[in-house]
Amino acid sequence: MKERGRQMIATHVVLLGYGHWLPNDPRGSHSKTVYAPRIAELGLLHEGRKAVQPSAAELRGFHGHAEEALYYPVHWFSPEDRDAIRDEFARVHKEHRLTCYACAILPNHVHVLIRRHALRGSAIHDLLKQHAATAVRRSAQLPTEHPVFTAGRGTQYKFTPAEMYSCARYIAQNFAKHKLPEERYEFVKEYDGWK
């Protein structure tokens, strides 16, 4: 993939847990549309993060109403769920010969930075999402119809080594944000300036 003459180096895949960050979340979102009428009734869509963030009380109120409007219960990823995702990712990376430069498997979302591959970024997103969802359903004994992750596709493309280093740092910092020790997964390779 090229953007304005630049060759894409990698895809930053973000898998958001179902119900954790809705399109019309009061913090703002990267969504362009709210598809479910029950969710649309909760508030207006604001594309991008809002400059002034809502209070904790406002956010709790929104999510309380949202949980009533969702079709499935919101599921937080337990340590066992996160281990199941890690193991599944290790298998998928080996099977598809993916090169991963950063990964953070967190209680309500996942970040993965994957080097350019024969599979397009959207296909990599869908592959990881499908396998991670299956792993969580099995680990948490969720019903097969539970989506586990949001319906949208979170992919951002990286074009320069500077963007790669910045993204890898950002992904690693997510562990501390969620009060978790930083993990190094066996399938993650440190970014070496490849372009």
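If you average the sequence gap of Cα pairs under 8 Å that are 6 or more apart and divide by the length of the chain, what percent do you get for the contact order? Don't skip to the end; give the middle numbers.
Working: 303 pairs, mean separation 60.4, N = 195.
Across the chain, relative contact order equals 31 percent.
Run the dipole for the chain about the Cα centre, Lys and Arg Cβ at +1, Asp and Glu Cβ at -1, nothing else charged, and hand back the magnitude in debye, nearest 20.
On the way: 28 positive and 21 negative charges, 169 e Å.
Once rounded to the nearest 20, the dipole reads 820 debye.
Arrange the peptides 54-60, 160-166 so that the one whose residues have, on average, the most other Cβ atoms within 10 Å appears first. Walk me through the numbers on the way to the answer.
Working: 54-60: 11.0, 160-166: 14.3.
With the highest mean Cβ count within 10 Å placed first, the list reads 160-166, 54-60.
Tell me the angle of helix 121-140 to the major Cα principal axis of the chain, expressed in degrees between 0 and 90 and rounded to the nearest ten.
Relative to the chain, helix 121-140 is tipped by roughly 60 degrees.
Angle check, please: helix 56-69 long axis (alpha carbons) against the longest principal axis of the chain (alpha carbons), in degrees 0 to 90, nearest 10.
So the helix axis and the longest Cα principal axis differ by about 80 degrees.
Roughly speaking, what is the stretch gain from residue 47 to residue 178, that is 0.36 nm per residue apart minus the C-alpha to C-alpha distance, in nm to one decimal? Don't skip to the end; give the middle numbers.
Working: separation 131, 0.36 × 131 = 47.16 nm, distance 2.42 nm.
Difference between extended and current length: 44.7 nm.
Principal axes first, then extents: for the Cα atoms of the range 86-195, list largest minus smallest coordinate on each axis, whole Å, largest first.
Its Cα atoms span 42, 35, 25 Å along the three principal axes.
Which of the residue pairs 94/195; 129/177; 50/189; 158/189 have a Cα-Cα distance greater than 27 Å in the structure shown?
Working: 94/195 21 Å; 129/177 22 Å; 50/189 34 Å; 158/189 17 Å.
Too far apart for the 27 Å limit: 50/189.
Under the rule of -39500 (n - 2.57) per DSSP H run of 4 or more residues, summed and divided by the residues of the chain, what mean residue ellipticity at 222 nm is obtained, to the nearest 500 deg cm²/dmol? Present the calculation step by step, with values, prior to reporting the outcome.
On the way: 5 runs with 73 residues, N = 195.
That comes out to -12000 deg cm²/dmol.
I want to verify the translational diffusion coefficient of the chain in µm²/s; compute it with Stokes-Einstein, Rh as the Kirkwood radius over Cα pairs, at 10 °C and 1.306 mPa s.
Numbers: Rh = 17.7 Å.
Rounded to a whole number, D works out at 90 µm²/s.
On a full-extension model of 0.36 nm per residue, what is the gain between residue 138 and residue 96, subtracting their alpha-carbon distance, rounded to one decimal in nm? Please report the intermediate quantities before stating the final value.
On the way: separation 42, 0.36 × 42 = 15.12 nm, distance 2.19 nm.
Extending this stretch completely gives an extra 12.9 nm.
Rounded to the nearest 5, what % of DSSP beta bridges with both residues in the range 1-119 are antiparallel?
On the way: 16 of 17 bridges.
The antiparallel fraction comes to roughly 95 percent.
Counting other beta carbons within 10 Å of each Cβ, put 38, 97 in order, fewest first. Please list the in-between numbers first.
Values: 38 12, 97 8.
Neighbour counts put them in this order, fewest first: 97, 38.
Using a Gaussian network for the chain with springs between C-alpha atoms less than 10 Å apart, which of these wobbles most: 118, 69, 102?
Maximum fluctuation in the GNM of the chain, among the listed residues, is at 118.
Values in this text are rule-based calculations from the coordinates and carry no lab data. Quick caveat, the model's predicted, so the values are computed rather than measured. Because the Cβ atoms are built from the backbone with ideal geometry, glycine has one as well, and the counts that use them run over all protein chains shown.
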